[in-house]
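For reference, the structure discussed in these notes is given below.
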Amino acid sequence: MKNSELDGPRRTLYGLLHFDLKYCTSDAKCLKSLGLLVILHTISLFHSAHGLDLGNCISPLGMHSYEIPDKAITASSSYDKASVGPENARIRHEKKGGAWCPRRQIEENIYEYLQIDLGKLKVITKVETQGRFGNGQGKEFVTQYVLEYQREDDGSWFRFRSRNNSEERFKGNINVYLAEVRDVDPPIIAKRIRFIPYSESPRTVCMRVEMYGCNWNDSLVSYSMPQGNKRGVEVDFYDYTYDGGRENDYLSNGLGQLTDGALGETNFRLDPKKTGIKGYEWVGWKDDTLSKIPISIIFKFDSVRNFSQVDIHTNNHFTRDVRVFRSAEIFYSIGGKYYLPHTTKINYERDDTIEDARFVPLRLQNKIGRYVKIDLYFQARWIMISEVSFNSTEAVGNFSEEEPPPTTPQPPTTTTMKKNAHFDSFDRINSNSQSEKLDGDGDTETLSAQEEDEEGAKTKLEEGASKKSNNSNDAPTLEQEKKEYDDEYISIIIGALAALIFLLLCVILIFFCRHKHRKNNNNRRGHKPVTTSHVAINLNDLRASTNGKLSNGNMYNSIATEEADSDHDGVGCCNGSSRGSEKFAWSEPRDYAVPDITKSALVVNLPPRVATAPKQLALMDKPPNYDALYAAADIVNVHGGSVTNMQGVSGNNVYAVPNAELLCSIDYTVMELRREDLRFVEVLGEGQFGEVHLCEALHGDDLLVDEFMLNRNLPRAPLLVAVKMLRPNADDRARADFHKEIKIMSQLKDLNIVRVLGVCTREEPLCMVVEYMKYGDLNQFLLDHEAEPPVAQASSSKTLSYGCLIYIASQIASGMKYLESLNMVHRDLATRNCLVGHHFLIKISDFGMSRSLYSSDYYRIEGRAVLPIRWMAWESILLGKFTTKSDVWSFAVTLWEILTFAREQPFLALTDEEVIENAGHCYRDDNLQTVLSMPGNCPKEIYDLMCECWNRQESVRPTFREIHMFLQRKNMGYNPAEEKLAQITVPIC
């Protein structure tokens, strides 16, 4: 059966499976429909894919076999054309002198080349070089060389660059007889190639060469498009290997990652090829403006071609706000300047079931052109593409470039002045275009032939009438009208510039007046005492920041603002009543340490919480005035106590201790370590006065001194440790804080808390060595796993059972129970501050704040506070009050992270300012607050526990002792040794 005959039945089956999956009534039926849907989707992917197959692209291209004739081999010069001319540069041949030798000696500034014309476009994946053996008389060979290539006749020459966009010098030969093969990655697509010898010192060279690859059947010579966008702080969806021009974030006249044969993984945060760049294979664009402007990609081919299909490899990771494009409009042109009004429009059916990346085939119905422009319209915030492949044949016939569209001059209007960044004005001709409908398999429905004929006849009549009208106008009239229109344009531009300058002056004046007014207010407030009726808002320039970007231009929280998904937030249980079906006997709270927050924090009057009529509440309960500034560094002490700052000298958060001075007066004994026993691995994070390094302790046995340390039965060497290092230029206060942190940390002895293993204080820089775990932090560990399916299946994916998740949470609760018994407050409890070891052993750490990987999790005030507001209790955000009960709140958010496998940030749909406003709703108790929704695999009693932890009243929240007992009771009988430990291959950090 032909492929075209399969399209209809397959599309019908695909739709029925979607329907069955949506309305299935039993688990068995759902699993059966899902399995069939996955199989069908996989078949459709293989059926549609036509991408470059690098595995089979390794054939010799003709130097040794003489498929490349002598006349196609030229050179910049030859030492003796008769004996060592370019035609002698054939690999493993001893013809005449035995190789090509340039006239001059090669050194750093000498440019000599051997040029080979391949006849047509080829893909080059390997190159091979050999020196001049000359029947035993030769002594010349090349130690290094570079490659240049050309795709079009009289086109630009490109210098080959590696995947990190740096110039690549290939290693040559070590003698005159051994041939050396080098990989070309990314592959070169070219019609001509040059081998350019290179040497740092003067050297006589000769060389023989061969190339390996295959034909470039796509015949594509370039594509032009906007450069990709950055996502968060660690993922850049750029076209790194693009070899064309780059100007103002626009790529032109080159090829890159869309034609390199490398397909992207569905999880774009992975780095399977170990390039050091996450999501490297993807080029992605985001649309935050809701302007419905498409991404336009212009493809240029080596000749006029007849197009039948284009396959676009795109991502559908919809839980990360990435989807296949909503629709595609395709334009064709011969000359590339004007595009025909007859377009192909294809709609893609939204897929909410399967997230896998896939090839999307677009049928082009044998359209003719040398240029193809594809406009992709957004269906979500992100479009991501890793490969584009065309199926076409060379068109037969004579073709001429399109003429400019006939138009009658009209006065310029606002509409005609607006230009799309990626389109020529003629591209948007309002005509009835062909429309196709494409579902997940790529099936289409086209207009009938009669409708196409009617469209063609109508277009010809319109063009004839326009030409006749255009010919009746004489030249002087057109020239005069053009001059008038130019004058109007100039007038409009001058007026716009004048208005812009006036607006800027007004903004500067308003800013100056407001700054002066604020300064006066600050001076007046400095003389007033802080009373209990005021609330200190600890966020700087809150109104001036939008989407995490402060007024000074520094960007924060980029991941949170880019991956919002409002479907995951709900309204519910942050109030004074208990929702749990299982009742807990919560104990009354004790007074705990309240960290210090500002030296001169501004105060904001919040409306009192009084019981009034609903109408009065609506008038009184306005949000707090968030214009209040953070006047100083850290956190407020509502009761006037003195506690350490939240951010330590090495960038980590510091425990809040109620009697820190008393604790620091106690003598402590910590092992002094030798610096040479610590082998540096990488930098984990840094702060203002220090850094946190990941190291290997060469003599790990000496550090395991009691039952609270790592399991003695595990291999000892080398032992991973985190080293907090104080820079030598730190001031006396930083040094005192560092010693205080060592004393505090050295007192902690619990299986689920990282321990101080030793110090290096005999010489600079001062260091504190603490435990680190083999599998890194819990956040990355969860991201690398997925939920265990309800029915056992053979799968290569790494899974975690529900029992394992609760076991992890119970260990965190156990560690926090220990801190609670010491009346200590962590203040930054989250999965990023938990480490994972063998058999899922969890240890609570404190240096997640220092890592740039998690900078988006913190609201930053430049030079001042760093606050994890999405994990903080409302009283910590608004009142600066940190207690063990505020840690309980953070634990519930951490538990929510665990049950969702850390797939998204808490309150992802809210900006930082909206998170603070949400805390204001909790303060007023107006039942308008937003809480985190129940995870998909979460039982009701566990979610009820979370809601109890998010209770507005501290006294109603459970203690960690009660939480630990509850989780242990819910997870009785679980044995971590029975989990599939062989699947755990998470990187160190």
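The values are calculated or read from the model by the stated rules, or taken from the named source; none is laboratory data. Because the structure is a prediction, the values reported are computed rather than measured. Because the Cβ atoms are built from the backbone with ideal geometry, glycine has one as well, and the counts that use them run over all protein chains shown.
M816 passes every criterion in (1) surrounded by 24 or more Cβ atoms within 10 Å (Cβ to Cβ); (2) assigned to a loop (DSSP other than H, G, I, E, B); (3) not basic (K, R) apart from (2). For segment 942-979, the set of residues classified as modelled with pLDDT of 95 or more, of a type in the set (D, E, K, R), outside any loop (DSSP other than H, G, I, E, B) and over 19 Å from P906 (Cα atoms) consists of R961, E962, listed by residue number.
Out of segment 777-800, which residues are part of a loop (DSSP other than H, G, I, E, B), modelled with pLDDT under 90 and not charged (D, E, K, R)?
Hits for segment 777-800 are P789, P790, V791, A792, Q793, A794, S795, S796, S797.
Just one of the listed residues (S83, S44) is of a type outside the set (K, R), modelled with pLDDT under 95, in contact with a Lys or Arg (Cβ under 8 Å, 6 or more places away or on another chain) and surrounded by fewer than 17 Cβ atoms within 10 Å (Cβ to Cβ), and it is S83.
Here G335 clears all of (1) closer than 20 Å to S224 by Cα; (2) crowded, with 21+ Cβ neighbours inside 10 Å except the condition numbered (2).
Taken across segment 720-734, residues that are without any contact (Cβ under 8 Å) to a residue 24 or more places away in the chain and in a helix (DSSP H, G or I) do occur, with at least one present.
Just checking, which of N951, N927 is more than 24 Å from G815 (Cα to Cα) and not aromatic (F, W, Y)?
Only one candidate qualifies: N927.
Exactly one residue out of F966, F882 is surrounded by fewer than 21 Cβ atoms within 10 Å (Cβ to Cβ) and either aromatic (F, W, Y) or within 30 Å of D288 (Cβ to Cβ) (or both), and it is F966. Say we look at segment 147-174 and pick out the residues that are of a type in the set (G, A, S) and under 28 Å from R203 (Cα atoms); which of these is modelled with the lowest pLDDT? Top of the filtered list is S166.
Condition first: within 31 Å of the chain's Cα centre (by Cα), under 27 Å from G55 (Cα atoms) and in contact (Cβ under 8 Å) with a residue 12 or more places away in the chain. Can you find one or more residues in segment 189-209 that meet it? The answer is yes; a qualifying residue exists. All of (1) under 21 Å from I189 (Cβ atoms); (2) in a strand (DSSP E or B) hold for G336 with one exception: (2). When the test is whether a residue is of a type in the set (K, R) and crowded, with 16+ Cβ neighbours inside 10 Å, R305 passes it.
Look at segment 970-989: where a residue is within 30 Å of F680 (Cβ to Cβ) and a partner is modelled with pLDDT under 75 and surrounded by fewer than 16 Cβ atoms within 10 Å (Cβ to Cβ), sitting 6+ places away or on another chain with Cβ atoms under 9 Å, you get Q983/S796; Q983/S797. Working carefully through the options R851, R827, find the one that is buried (at least 20 other Cβ atoms within 10 Å of the Cβ) and either in contact with a Ser or Thr (Cβ under 8 Å, 6 or more places away or on another chain) or within 26 Å of Y802 (Cβ to Cβ) (or both). Going through R851, R827 in turn, just one is buried (at least 20 other Cβ atoms within 10 Å of the Cβ) and either in contact with a Ser or Thr (Cβ under 8 Å, 6 or more places away or on another chain) or within 26 Å of Y802 (Cβ to Cβ) (or both): R827. Has segment 710-718 got any residue that is surrounded by 20 or more Cβ atoms within 10 Å (Cβ to Cβ), within 28 Å of N823 (Cβ to Cβ) and at pLDDT 90 or above? No - not one qualifying residue is present in segment 710-718.
Among residues belonging to segment 307-329 that are among the acidic types (D, E) and part of a strand (DSSP E or B), point out the one that is nearest to the chain's Cα centre (by Cα).
Residue satisfying both the conditions and the ranking: D311.
All conditions but one from (1) out of contact with any helix residue (DSSP H, G or I) (no Cβ under 8 Å at 6 or more places or on another chain); (2) under 19 Å from N215 (Cα atoms) apply to K292; the one that does not is (2).
Applying the selection to segment 118-142, what residues are at negative phi, surrounded by 17 or more Cβ atoms within 10 Å (Cβ to Cβ), over 39 Å from the mean Cα position of the chain (by Cα) and not aliphatic (A, V, I, L, M)? Once the filter is applied, which keeps residues that are at negative phi, surrounded by 17 or more Cβ atoms within 10 Å (Cβ to Cβ), over 39 Å from the mean Cα position of the chain (by Cα) and not aliphatic (A, V, I, L, M), segment 118-142 yields T129, Q130, G131, R132, F133, G138, E140, F141. Candidates are the residues of segment 275-306 that are within 23 Å of A902 (Cα to Cα) and outside any strand (DSSP E or B); the one that is farthest from the chain's Cα centre (by Cα) is G276. Would you check which residues across segment 906-933 are surrounded by fewer than 19 Cβ atoms within 10 Å (Cβ to Cβ) and not hydroxyl-bearing (S, T, Y) and list them? Those that are surrounded by fewer than 19 Cβ atoms within 10 Å (Cβ to Cβ) and not hydroxyl-bearing (S, T, Y): A909, E913, E914, E917, D925, D926, N927, L928.
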